[in-house]
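Reading through the structure tokens given below for one structure.
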Amino acid sequence: MANNCITNLRHKDFYPIKGVGYEGFFRGYFYYKNQYVTHENFANIYEGATPAEVAAWNGEFALILQTNNEIVLVTDKKRSIPLFYTLSESNAWIVQDHLEPNSTMSIRKDAEEELLLAGFVAGEKTLFQNWSQLEVASIVHLNERASKHLYYSYVVEKEQDSIDAFAEELAHILNEVFDDLVVRLEGRKIVLPLSGGYDSRIIALLLKDRGLSDSIVTFTYGRPGNGEATVSKEIADRLGLKWKYFAYDKSMWESMYKSKLWKDYVIYASNGTSVAHLQDFPSTKLLVEEEGLKSAVFIPGHSLDFLGGSHLPYEAILDKEFTTKEVVDFIIPKHFRLWQLANGLSHTTSDIGRSVTKDVSAYTKLTNERVTSIIDEWNWKERQAKFIINSVRVYEYFDQDWSMPLWDDRLIYFFSKIPADLKYKKYLYDYTLHKMYPSFYPLPQKPGPENSLRNKYGMLYPLLRKIYRKRKLYRQYYDEPMEWYGIYPTYKQYTQALSFKRNGNKYEHPYNINSFIAKDMIHMMKEITK
């Protein structure tokens, strides 16, 4: 490639491409005009990386192009393959698919705050000064400076139809997506993390219906006898699928968390952007070893429950006009809660508050239909892409492949148009699954205000939530079915870790295991970069 772009690509599946007026690298695949496109035939279909052109690419891909005039970087609609860039001291652009900390780097304080509170870094920032990341559905042009264009928005007008018509359409899309997936999977070993939840279950059902049972290994994990593992085995047995179980206990977590392997993995998976995915790490390692897996395809159940509406609060579907502040108040308490600041997090004067307010202020006419889309779009661009979807790095770390059919663009488009009352609590999604497989999914009842804890408890809700969380904090060391609080060998060490001070602020009441991982990860990065 030209001298003004230095590429440093870690993953073996970034392949060189070359055409008229450009050269570069491509990883992944997409469908375009009824063609299946990879690096092998990319040059045959490429007509330019215009927003309209790229918006029509449906797949899991990342693209780096060098033309005579500029460098163009492109990510898919879920940021399944991350890209990072910076400008070197010699005025050359450096493009990478990973970020590893070293002594020449320094940490951004605002990004550090976000990672501590949310488990990911928002926007195009990374944890490291002068390094940027590509967001979902992004085209970045690198010339004298970097300019960004988002080629897709989740905030669209809603359509009106009966629930049965929508359910029929969704069932058709799911079958179409899995028909395409089967072609891509031909001859491959398939691994399903089968939690027992609705998302992983529909993957197992749709793949079995397509005759792939003999190619599938399912697995789950956790404390012996935990509820999810029990359901997982029941489903695997009913479908006649091979099932593996990996017992987790506190001593295993203590040993793993202190290991060099874990530290190497954290650096590999986090990329200065998000907390490394924890729960699949031990089981994936053991499964790969026991089954002798070579480039198997892991298919996690990310994240149709989110697209289906599981994260929407009842208050956001009320038929009213909202203010920008009300929308911001739906987002910040939901996503910036890994730790609580003793003095509170200002929604108006903090960097986080200003950033989320800026995102929401891009929209006007804040009806419930638009507000629910804004809430989901922010979640999709930030938490889903950078934390949930980024969890596939665990499979890459152990030299395996992955695919996420439940994040297919056709499903993103479908759920973006569904009215809020049908999305709330996954009503349409669960209804469709029942229609498709009534013996595996119960018929849901349409949810209403009874599902809102704020509505149920009124003014007492904040107090009751605080009491509940405090009690849960002290019980979960012993009760957590994944046993992962064993990263602290004793209960005393665990309770001592429930608060800490940083930059004059006290952090307390950790929300879940990722709270501790975020804190420890930042400490590790500071040690490496100091």
Quiz item: So how much slack lies between THR67 and GLU169, counting 0.36 nm per residue of separation and subtracting their Cα-Cα distance, in nm?
Solution: 32.6 nm
Quiz item: Can you list the HN-Hα couplings for region 440-446, worked out from phi with the Karplus curve (6.51, -1.76, 1.60; θ = phi - 60°), rounded to whole Hz and with x for Gly and Pro?
Solution: 10, 9, x, 6, x, 9, 5
Quiz item: What is the sum of charges around SER391, taking Lys and Arg as +1, Asp and Glu as -1, for the other residues whose C-beta is under 15 Å from the C-beta of SER391?
Solution: -1
Quiz item: Put +1 on the Cβ of each Lys and Arg and -1 on the Cβ of each Asp and Glu in the chain; which of THR220, GLY486, ASN379 then has its Cα farthest toward the positive end of the dipole?
Solution: GLY486
Quiz item: What net charge is computed for the residues neighbouring ALA420, neighbours being all others with C-beta under 13 Å from the C-beta of ALA420, Lys and Arg scored +1, Asp and Glu -1?
Solution: +1
Quiz item: Ranked from highest to lowest mean number of other Cβ atoms within 10 Å per residue, what is the order of the peptides 264-274, 494-504?
Solution: 264-274, 494-504
Exercise. Could you sort 165-174, 307-316 so that the peptide with the highest average Cβ count within 10 Å comes first and the rest follow in order?
Key: 307-316, 165-174
Exercise. Quote the convex hull volume per residue of region 347-417, based on C-alpha atoms, as a whole number of Å³.
Key: 105
Quiz prompt | Per residue Cα convex hull volume in Å³ - calculated over region 249-396 | solution = 157
Practice problem: List every residue whose amide H lies under 5 Å from the amide H of GLY59, counting only residues 5 or more places away in sequence or on a different chain, with H placed 1.01 Å from N in the peptide plane. | Solution: TYR31, LYS77, ASP409
Quiz item: Taking a ≥ b ≥ c as the square roots of the eigenvalues of the Cα gyration tensor of region 76-120, is the shape rounded (a/c under 1.5), prolate (a/b larger than b/c) or oblate?
Solution: oblate
Quiz item: So what's the back-of-envelope 222 nm ellipticity for the chain, counting only DSSP H runs of four-plus at -39500 (n - 2.57) apiece and dividing by all residues, rounded to 500?
Solution: -11500 deg cm²/dmol
Quiz item: Which far-off residues, 5 or more places away or on another chain, put their amide H under 5 Å from the one on GLU23, with H placed in the peptide plane?
Solution: GLN66
Quiz item: In the chain, what percentage of the DSSP-assigned beta bridges are antiparallel, given to the nearest 5?
Solution: 75
Quiz prompt | Spread of Cα-to-Cα distances over 5 Å intervals beginning at zero, given as percent, for region 5-150 | solution = 2, 9, 19, 23, 21, 13, 8, 4, 2, 0
Quiz prompt | Positive minus negative residues near LEU239 (Lys, Arg vs Asp, Glu; Cβ under 14 Å) | solution = +2
Quiz prompt | Alpha carbon centroid spacing (whole Å) that separates region 125-140 from region 248-318 | solution = 22
Quiz item: Taking the alpha-carbon set of region 360-499, what are its Rg and Dmax in Å?
Solution: 20.0, 53
Practice problem: Just round it to a whole percent: the fraction of Cα-Cα distances in region 88-195 exceeding 18 Å. | Solution: 72
Quiz item: Which GluC sites (Glu not before Pro) does region 172-250 hold that lie in a coil by DSSP with at most 10 other beta carbons within 10 Å?
Solution: GLU186
Quiz prompt | Order by protection proxy (mean Cβ within 10 Å, highest first), peptides 352-365, 68-81 | solution = 68-81, 352-365
Quiz item: Which cross-chain or sequence-distant (5 or more) residues have an amide H under 5 Å from the amide H of TYR221, H modelled 1.01 Å from N in plane?
Solution: PHE246
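Values quoted throughout were computed directly from the atomic coordinates according to the rules given, and no laboratory measurement underlies them. Just so we're clear, the structure is a prediction, and the values are computed from it rather than from any experiment. Virtual Cβ from ideal backbone geometry, glycine too; neighbours counted across all protein chains shown.
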